[in-house]
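Here the structure comes first, spelled out in structure tokens, and everything after it is commentary.
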Amino acid sequence: MTDLSVHDVVRLARRMRDQGTILSGAELASPPRYLIGVADMPLADPYDPARLEQKLDAGADFVMTQIAYDLERLGAWADTMRGRGLFERARVIVGVVPLRTATAARYMNEHLPGVHVPAAMTAALDAAGEDAERVGLDLTIGVVNGIRQIGGVAGIHVMAMGHDEAVRDVVEGAGLFPRPTAAF
């Protein structure tokens with residue numbers, strides 16, 4: 001069996017969808033109808049835009065990012081990628097997890113590649129004491145609203161990480177319910 005790179009998998013998925021064939025050349029009786037998504041870590045240090053561009057060249061239709069809280073760095077990434085034509089080539093969905101504690105924020109900084117929780121957010125969670133969950137919710141709503149202001153971003157993926165109720169609180173707090181009309 002041959003190992004496939006992420007680019008090979010994306011190309012295969014595109015081939016199956018667009019040409020109705022698999023690697024052997026055999027035709028599919030009913031080609032799949034799907035969009036092809038890839039992951040990216042826009043706040044990774046260092047960040048290499050060419051890695052994402054190669055995934056798009058292979059046939060990706062949309063990009064889902066790693067968790068992002070640092071609006072300044074995310075905005076700078078978007079400016080760089082806008083200049084490279086990213087937002088014309090694919091839809092970008094930015095990942096967010098509701099902040100709950102300073103301990104969780106520090107854990108993400110230290111253990112999740114490409115995640116950067118700004119020090120001011122961690123300090124606010126520390127200072128909040130028993131109100132950390134409420135402060136984290138407010139911080140996350142602020143991040144979501146900031147992401148919505150970044151030109152080219154098509155959506156936000158609010159991940160529960162075991163706390164489903166927090167997703168609804170973020171969605172409602174950011175004015176995303178009822179669902180706003182997207183302008184593409």
| remark: Dividing the alpha-carbon radius of gyration of the stretch 63-184 by 2.2 N^0.38 Å, where N counts its residues, gives 1.05
| remark: Highest mean packing first, using Cβ neighbours within 10 angstrom, the peptides 57-65, 118-126 sort as 57-65, 118-126
| request: Return the FRET efficiency for the residue pair Asp79, Val9: r is the Cβ-Cβ distance, R0 is 45 Å, and the value is rounded to the nearest 0.05. | output: 0.95
| query | Where Rh denotes the Kirkwood radius from the mean inverse Cα pair distance, what is Rg over Rh for the stretch 11-72? | reply | 1.13
| task | Calculate, for Leu23 and Arg168, the FRET efficiency according to 1/(1 + (r/R0)^6) with r their C-beta to C-beta distance and R0 35 Å; round to the nearest 0.05. | result | 0.25
| message | As an exercise, use a Förster radius of 22 Å and the Cβ-Cβ distance of Glu110 and Phe62 to find the FRET efficiency, rounded to the nearest 0.05. | response | 0.15
| task | Output the relative contact order of the chain, whole-number percent, from Cα pairs under 8 angstrom with separation of 6+ residues. | result | 19 percent
| By DSSP, what percent of the beta bridges with both residues in the chain are antiparallel, rounded to the nearest 5? | 5 percent
| Counting only protein heavy atoms, what percent of the accessible surface of the stretch 43-135 is carbon or sulfur at a 1.4 Å probe? | 50 percent
| request: Send over the semi-axes of the stretch 1-134's equivalent ellipsoid, whole angstrom and largest first, taken as the square roots of 5 times the C-alpha gyration tensor eigenvalues. | output: 37, 16, 13
| task | Give me the distance in nm between label points sitting 7 Å out from Cα along the Cα-to-Cβ direction at Glu72 and Tyr34, one decimal. | result | 4.0 nm
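The values are calculated or read from the model by the stated rules, or taken from the named source; none is laboratory data. Remember, predicted model here, so these are calculated numbers, not experimental data. All Cβ positions, glycine included, derive from the backbone under ideal geometry; neighbour counts span all protein chains shown. The area values use the complete protein model at the heavy-atom level, side chains included, leaving out ligands, DNA and RNA. Shrake-Rupley method; radii C 1.70, N 1.55, O 1.52, S 1.80 Å.
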